[in-house]
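In what follows, a structure is listed as structure tokens, so that the remarks can point back to it.
The values are calculated or read from the model by the stated rules, or taken from the named source; none is laboratory data. Small disclaimer: the values here were computed from a predicted structure and weren't measured. Methodologically, a virtual Cβ is constructed for each residue, glycine included, from the backbone with ideal geometry; neighbour enumeration extends over all protein chains shown.
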């Protein structure tokens with residue numbers, strides 16, 4: 001979160017940290033339906049918060065998840081042509097044989113909306129509410145209102161993507177920490193523009209057994225330090241960070 005604050009202040013933008021009162025942006029019925037799934041609940045709350053900010057007169061609002069790391073702030077550009085954009089996503093799941101697939105989409109870990117793009121927020125929120133109403137009884141899937149819903153929407157309507165954000169799973173973080181591995185190079189190669197930030201997929205820590213979390217934290221600290229120290233040059237096999 002500190003890296004996002006530094007990025008915002010370097011651009012002379014206001015920065016706001018939202019604590020757990022953020023979840024009050026969701027109606028009571030949504031909080032009850034999403035019980036046990038803070039990810040889906042957050043998908044609703046961020047849209048309502050962004051709407052509030054735009055309605056209050058803000059010209060542009062940018063949302064960044066708490067696990068978004070900005071390691072090359074001067075290169076992270078969220079300028080849009082349409083008035084809104086979502087983070088471009090390249091997911092590289094590794095198969096049992098060691099090979100990997102390439103899945104391309106988008107996510108709302110980093111998203112931007114200007115006043116002229118306000119109708120996007122309204123439509124996205126309406127789609128979220130409609131999806132909640134049609135889901136079968138039981139727990140709401142983690143990505144039901146985020147990447148999964150956006151992937152369906154993207155298939156029907158083209159929208160702008162922020163091309164400097166990577167999706168860093170644990171295996172990619174391991175390769176960054178070790179300074180080796182083909183997934184890192186593939187992720188950098190397929191990105192739309194030079195990578196300047198990353199979604200660190202913190203949900204993976206929540207899914208890690210408690211006794212293994214110290215090892216998880218040590219790994220991520222090492223990888224994050226490498227990214228911040230080199231300003232992303234570690235992703236490209238460069239010895240010196242770019243300015």
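Residues in the stretch 189-202: is at least one in a helix (DSSP H, G or I), under 25 Å from residue 106 (Cα atoms), at pLDDT below 95 and within 16 Å of the chain's Cα centre (by Cα)?
No, the stretch 189-202 has no match at all.
From the set of residues in the stretch 124-143 that are under 24 Å from residue 62 (Cβ atoms) and modelled with pLDDT under 95, which is surrounded by the fewest Cβ atoms within 10 Å (Cβ to Cβ)?
Out of the qualifying residues, it is 142.
Of all residues in the stretch 81-105 being under 19 Å from residue 65 (Cβ atoms) and touching a residue at least 60 places away in the same chain (Cβ under 8 Å), which is surrounded by the fewest Cβ atoms within 10 Å (Cβ to Cβ)? Walk me through it before giving the result.
Taking the stretch 81-105 as the starting set, the residues that turn out to be under 19 Å from residue 65 (Cβ atoms) are 84-91, 105.
Next, only the ones that are touching a residue at least 60 places away in the same chain (Cβ under 8 Å) stay: 84-91.
Numbers: 84: 22, 85: 24, 86: 27, 87: 29, 88: 22, 89: 20, 90: 19, 91: 16.
Checked the stretch 81-105; the qualifying residue surrounded by the fewest Cβ atoms within 10 Å (Cβ to Cβ) is 91.
Within the stretch 209-227, can you find the residues that are under 23 Å from the mean Cα position of the chain (by Cα) and either outside any helix (DSSP H, G or I) or in contact (Cβ under 8 Å) with a residue 12 or more places away in the chain (or both)?
216, 217, 219, 220, 222, 223, 224, 226, 227
Yes/no per residue for (1) closer than 18 Å to residue 118 by Cα; (2) within 16 Å of the chain's Cα centre (by Cα); (3) touching a residue at least 24 places away in the same chain (Cβ under 8 Å):
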{"site": "3", "(1), (2), (3)": "no, yes, yes"}
{"site": "10", "(1), (2), (3)": "no, no, yes"}
{"site": "35", "(1), (2), (3)": "no, no, no"}
{"site": "40", "(1), (2), (3)": "no, yes, yes"}
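Would the stretch 129-146 turn up any residue that is in a helix (DSSP H, G or I), touching a residue at least 40 places away in the same chain (Cβ under 8 Å), touching a helix residue (DSSP H, G or I) at 6+ places or on another chain (Cβ under 7 Å) and closer than 21 Å to residue 46 by Cβ?
yes
Take the conditions surrounded by 14 or more Cβ atoms within 10 Å (Cβ to Cβ) and either modelled with pLDDT under 95 or in contact with a helix residue (DSSP H, G or I) (Cβ under 9 Å, 6 or more places away or on another chain) (or both) and apply them to residue 205. Does it pass?
Yes.
Which condition number does residue 53 fail, the rest of (1) touching a helix residue (DSSP H, G or I) at 6+ places or on another chain (Cβ under 8 Å); (2) under 17 Å from residue 122 (Cα atoms); (3) free of Cβ contacts under 8 Å to residues at least 12 places away in the same chain being met?
All conditions pass for residue 53, except number (1).
Report, by residue number, each residue of the stretch 164-187 that is closer than 24 Å to residue 77 by Cα and either in a loop (DSSP other than H, G, I, E, B) or without any contact (Cβ under 8 Å) to a residue 24 or more places away in the chain (or both).
164, 168, 169
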